1. Consider only pairs whose beta carbons are under 8 Å apart and that are at least six residues apart or on different chains; among these, list those whose first residue lies in the stretch 150-176 and is more than 16 Å from ligand 2 (Cβ to nearest atom) and whose second residue is acidic (Asp, Glu) and assigned to a helix (DSSP H, G or I).
2. Inspect all residues belonging to the stretch 237-244 and state whether any of them is surrounded by fewer than 18 Cβ atoms within 10 Å (Cβ to Cβ), in a loop (DSSP other than H, G, I, E, B) and among the polar types (S, T, N, Q).
3. Quick one: is Glu285 surrounded by fewer than 18 Cβ atoms within 10 Å (Cβ to Cβ) and closer than 30 Å to Leu10 by Cβ?
4. So which residues in the stretch 233-266 are closer than 24 Å to Asn11 by Cα and away from ligand 1 (no atom under 16 Å from the Cβ), if there are any at all?
5. Give all pairs with beta carbons closer than 6 Å in which a residue from the stretch 54-69 that is free of Cβ contacts under 8 Å to residues at least 60 places away in the same chain meets a residue that is within 16 Å of ligand 1 (Cβ to nearest atom); count only pairs at least 6 apart in sequence or on separate chains.
6. Would you be able to tell me the number of residues in the stretch 267-283 that are touching a Lys or Arg at 6+ places or on another chain (Cβ under 9 Å) and of a type in the set (D, E, K, R)?
7. In the stretch 83-103, what residues are out of contact with any Lys or Arg (no Cβ under 9 Å at 6 or more places or on another chain) and either without any contact (Cβ under 8 Å) to a residue 60 or more places away in the chain or acidic (Asp, Glu) (or both)?
8. Of everything in the stretch 208-234 that's in contact with a Leu (Cβ under 7 Å, 6 or more places away or on another chain) and in a helix (DSSP H, G or I), which residue is surrounded by the fewest Cβ atoms within 10 Å (Cβ to Cβ)?
Amino acid sequence: MKKITKDVYLNWYEEMLFWRKFEDKLAQVYIQQKVRGFLHLYNGQEAILAGALHAMDLTKDRMITAYRNHVQPIGMGVDPKRVMAELYGKGTGTSQGLGGSMHIFSKEHRFYGGHGIVGGQIPLGAGLAFADKYNKRDSVTLTFMGDGATRQGSLHETFNLAMLWNLPVVFCVENNGYAMGTSVERTANHPDIWKLGLGYEMPCGPVDAMNPIKVAEAMDEAITRARTGGGPTFLELKTYRYRGHSMSDAQKYRTKEEVAEYQKIDPITQVLDIIKDKKYATDEEIAVIDKRVKDRVAECQKFAEESPFPEKNVMYDVVYEQDNYPFLPHKPQ
Ligand SMILES: Cc1ncc(C[n+]2csc(CCOP(=O)(O)OP(=O)(O)O)c2C)c(N)n1
Ligand SMILES: [Mg+2]
C-alpha cells in the first residue's frame, strides 16, 4: 500500500473537512429552497471515501454508488463547483442541471452515478468490471451500496455472476446502521452483513470505517486482489450517518445520545488528533486549512448561485425522439 505520510494525513483532513462543510452548506441552502428534491447527505461517512481514494488508481479505476453521492465525484476529480451547480439545477452542473442530487455523473472521471433505485447500481458495477475484463484492461470498479441494498435480490444475482466470471470488482457496503429508519437488526436474522459473501466463497470481512487508515488497508488488499486476477471482494464498512436519511427525516428511530457516541470517534477528529500528536501541523497551520476549506465552499456556492438555469431547448435535446415511431395499435376485440 502507498505509505500514509504526513501529506496524506493533511490531505485527508482538508478533503474530509471540505466534503463535510460542502454538505453542511447544502443542508443550509436546501432549507432556503435553493436546492430542491431529495437530498441525502454523507456526514459521518467520510473516512470511507478518504480510505478508498488512497488505495485506488485514479487514472483508471471506477466508482459507482447509490443516491448519497455528492462528495464521491469530487474525490474522483470532478470540479466541486459543477457538483454544487448540479444540485442548484443550473446549466453549469455536471448534467446541465437536469440530474440533480441523486444523479451526479462523470464519464471523464469514471464516476458512474448516482442511482436512486436501492440496489440498482450493484449489477451495473459488475457490468463495468465485466467490460474491463472483456477488454483486457486492468481497472478495478468499486461498487458502493447501503446496508438496505444488501437485502435486494440484485446483490445475490450479482455476487453469483461476479464470482463465476471472476470480475475485478470490490463490493463495498456502507453499513450506517439504518435503511431510512429501519435498523439493520430489523432486516435479517444476523447483523454481520459481510457474511453474505461466504455463501459465494467471496473474500469478505468487516472494516472499522470511522477510521480512514483501516479503510485504506482493506481497500488496498481488495483492489490488489481484483487487479491481479483474484476476483471480487465484499467489504462491510461499519460507519454512521449523523444527519437523517434525507432532509425530510424526523429521526424518531434513534436518540441524540446514539449520534453523539459516534461523533466521539468522528473520522475528521481522528485524523486531526494524529496530525496534532505527530506534530504534522501547528494550530496556525490548521487554521489556514480550515479557512481554505471555508473559502472553497463559498466559491462553490457563489458559482452555483451566479450560474444560469439551463436553456429551455435543452429539454428537447435530452428527450428521446424518433421519426415514424412504430406505434402498435390496439383494436377492440
Ligand atoms: C427498490 C427501492 N426500494 C425502496 C426505495 C426507497 N428507499 C430509498 S432509500 C431507502 C433506504 C436504503 O438504505 P441503505 O441502503 O442502507 O442506504 P443509506 O440511505 O443508509 O445510505 C429506501 C428503502 C428505493 N429507492 N428503491
Ligand atoms: Mg444504511
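The values are calculated or read from the model by the stated rules, or taken from the named source; none is laboratory data. Because the structure is a prediction, the values reported are computed rather than measured. In this analysis, Cβ positions are derived from the backbone assuming ideal geometry, glycine residues included, and neighbour counts consider all displayed protein chains.
1. Final answer for the pair search is Pro168/Asp132.
2. No; the residues of the stretch 237-244 include none that is surrounded by fewer than 18 Cβ atoms within 10 Å (Cβ to Cβ), in a loop (DSSP other than H, G, I, E, B) and among the polar types (S, T, N, Q).
3. Judged against the criteria, Glu285 is a match.
4. Hits for the stretch 233-266 are Gln263, Lys264, Ile265, Asp266.
5. Going by the 6 Å Cβ cut-off, the qualifying pairs are Tyr67/His40; Tyr67/Met102; Tyr67/Gly116; Asn69/Ile104; Asn69/Gly114.
6. Counting residues in the stretch 267-283 that are touching a Lys or Arg at 6+ places or on another chain (Cβ under 9 Å) and of a type in the set (D, E, K, R) gives 2.
7. Listed by number, the residues that qualify are Glu86, Ser95, Gly99, His103.
8. Ala218
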